[in-house]
Amino acid sequence: KLKLLSSLNPTLYTFQWTGPNGFTSSEASPEIPDAGVDRAGNYRLIVTDPMNKKDTVEITVVVNPIPRPVVIGDTAVCIGQRTQLKVTGGPFNSYTWKNGFNTVGGNYDTLTVGAGTYTVIVTDQNGCTTTASATVIDQAAPTAQIAVAQNASCGLCNGSLTSTIIGG
C-alpha cells in the first residue's frame, strides 16, 4: 500500500491531493491499497488554512514492481534421486531456500534437492521480497513387461513379442 503523509493538523486545514491515474483525496494522509507501478508519479497536495491561504507541495513517488520469481526444474524424480531447482525471473540480490520452516540452502539461485516442497524467498535490487515454490515428488521407477504375442512356428522366425512400460 501507498500512504501519503501530511504532518499538519487535519482539524485546522483542508487538503486536496491529486496524482496519477485520476487519484484525488481530501484526507490529510490518504492510503492507496494495493498500489502498483501504475501509481508511481507526481502527487500534489494543496493545503488551505483557516484564513483561506493556500500552499502547494509536490512529491514524486516511485513504486517498484514486485519481483516475479519462477522455480524451474524436474519435479518428479525416481525414489531416492535428487534434482536441481533453479530460480528464474531475476535478477535477485538474495535467495533463501526453505523446506517447511527449515532453511535448506544458502544464497544461491540453484538448489539440489530430493522429494519435498521447497520455497525460495528472493529479494531484488530495490529491497522488494517475494516467494516462489515447487514440489518435488518421488516417482516409482518404470517396470517393463514382455509378453509373447505369437509363438514361433518350428524352424521359422515368425514369432512376436509385445512390451509394455508401466509407471516411471
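The values are calculated or read from the model by the stated rules, or taken from the named source; none is laboratory data. Because the structure is a prediction, the values reported are computed rather than measured. Quick reminder, even Gly has a Cβ in these numbers, built from the backbone with ideal geometry, and neighbours come from all protein chains shown. Areas reflect the complete protein model, heavy atoms only, side chains present, ligands, DNA and RNA absent. Shrake-Rupley method; radii C 1.70, N 1.55, O 1.52, S 1.80 Å.
Quick notes on this one:
- If the condition is being open to solvent by 80 Å² or more (accessible area, probe 1.4 Å), part of a strand (DSSP E or B) and either within 30 Å of Phe92 (Cα to Cα) or not β-branched (Val, Ile, Thr) (or both), then the stretch 10-41 contributes only Glu31.
- Of all residues making up the stretch 42-68, the number that are in contact with a helix residue (DSSP H, G or I) (Cβ under 6 Å, 6 or more places away or on another chain) and open to solvent by less than 60 Å² (accessible area, probe 1.4 Å): 1
- Residue that is farthest from Ala140 (Cα to Cα) [pool: residues in the stretch 60-117 that are among the aromatic types (Phe, Trp, Tyr) and either touching a residue at least 12 places away in the same chain (Cβ under 8 Å) or part of a strand (DSSP E or B) (or both)]: Phe92
- Number of positions in the stretch 118-130 that are part of a strand (DSSP E or B) and farther than 12 Å from Pro69 by Cα: 1
- If you filter the stretch 116-129 down to residues that are closer than 30 Å to Ile166 by Cα and open to solvent by less than 50 Å² (accessible area, probe 1.4 Å), you find that the one that is farthest from the chain's Cα centre (by Cα) is Gly116.
- Qualifying residue in the stretch 105-114 (condition: open to solvent by 70 Å² or more (accessible area, probe 1.4 Å), over 16 Å from the mean Cα position of the chain (by Cα) and among the hydroxyl-bearing types (Ser, Thr, Tyr)): yes
- Looking only at residues in the stretch 130-151 that are open to solvent by 50 Å² or more (accessible area, probe 1.4 Å) and at pLDDT 95 or above, the one that is farthest from Gly100 (Cα to Cα) is Thr131.
- The stretch 22-44 residues that are free of Cβ contacts under 8 Å to residues at least 24 places away in the same chain, paired with ones that are of a type in the set (Asp, Glu) (beta carbon under 7 Å, 6 or more apart): Asn42/Glu58
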